[in-house]
Amino acid sequence: NGLVNDTLIMSRLENGKYILHPEPCRTDALLGELLTPVRELAREKGIRLTDNTSTLRPRTVMADRLSLQKVFLNLLTNAVKFTPSGGTVCFSCRLEPENGEQPESIVTVSDSGSGISPEFLPHIFEPFAQEQSSNLDSSGSGIGLSIVQSIVTAMGGTIEVQSEPGR
């Protein structure tokens, strides 16, 4: 079901038929709901999940709540999936400028996984693209990050990745 749903979302995004439904969202509630299931997933795999959101001032933003959750859950579950037992996944969110009237939200997901090769980095957001490596769990469809990038772009945001093998 997940693969079919992701394929349908990808099709809507590619055809410009993905409709955002902005609504007032409390950032503290959104982040709290988001981190609870990922904490359990990380705990089951023996991974430490840290979050650096405690200093973030709660605010209400207009956003498509379900789309935001899809983006963050995809990034966090990917980080857990590709981090070996005993590793760490960190989620942080900060505002720039911190005390501005209309600050930008900067969200970072980092992990202590095996990293991504320089050759694959330019392809990371392509549909169905997955780096092949004998030491990676490569289960999945390879469309998650493509969906993430498309949703982030549709919301007027940007996404980037920084990685190298072993980091």
Peptides 4-10, 111-117 ordered by average Cβ neighbours within 10 Å, highest first
111-117, 4-10
Amide H to amide H under 5 Å from MET155: which residues, 5+ apart in sequence or cross-chain, H placed 1.01 Å off N in plane?
none
Just report the Cα centroid separation between the range 86-129 and the range 53-83, whole Å.
11 Å
Could you tell me what percent of the accessible area of the chain is made up of carbon and sulfur, with a 1.4 Å probe and every protein chain present?
51 percent
Suppose every Lys and Arg Cβ carries +1 and every Asp and Glu Cβ carries -1, with no other charges. What dipole size does the chain come out with about its Cα centre, to the nearest 20 debye?
400 debye
Could you work out how far apart the two model spin labels at ARG59 and GLU40 are, taking each label as a point 7 Å from the Cα in the direction of the beta carbon, and quote it in nm?
3.2 nm
Less than 15 Å Cβ to Cβ from ARG26, Lys/Arg counted +1 and Asp/Glu -1: what total charge do the surrounding residues give?
-1
With a probe of 1.4 Å, find how much accessible area the chain has per residue, and write the answer as a whole number in Å².
60 Å²
Residue-by-residue Karplus 3J(HN,Hα) for the range 72-81, coefficients 6.51, -1.76, 1.60, Hz, glycine and proline x:
5, 5, 4, 5, 5, 5, 4, 4, 5, 4
For the chain, what is the convex hull volume of the alpha-carbon atoms per residue, in Å³?
123 Å³
Going by accessible area, probe 1.4 Å, with all protein chains left in place, what is the ranking of CYS25, CYS90, largest first?
CYS90, CYS25
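The values are calculated or read from the model by the stated rules, or taken from the named source; none is laboratory data. Here the structure is a predicted model, which means the values were calculated and not measured. Here the Cβ is made from the backbone with ideal geometry for all residues, glycine too, and neighbour counts use every protein chain on show. With ligands, DNA and RNA removed, areas are computed over all heavy atoms of the protein, side chains included. Shrake-Rupley method; radii C 1.70, N 1.55, O 1.52, S 1.80 Å.
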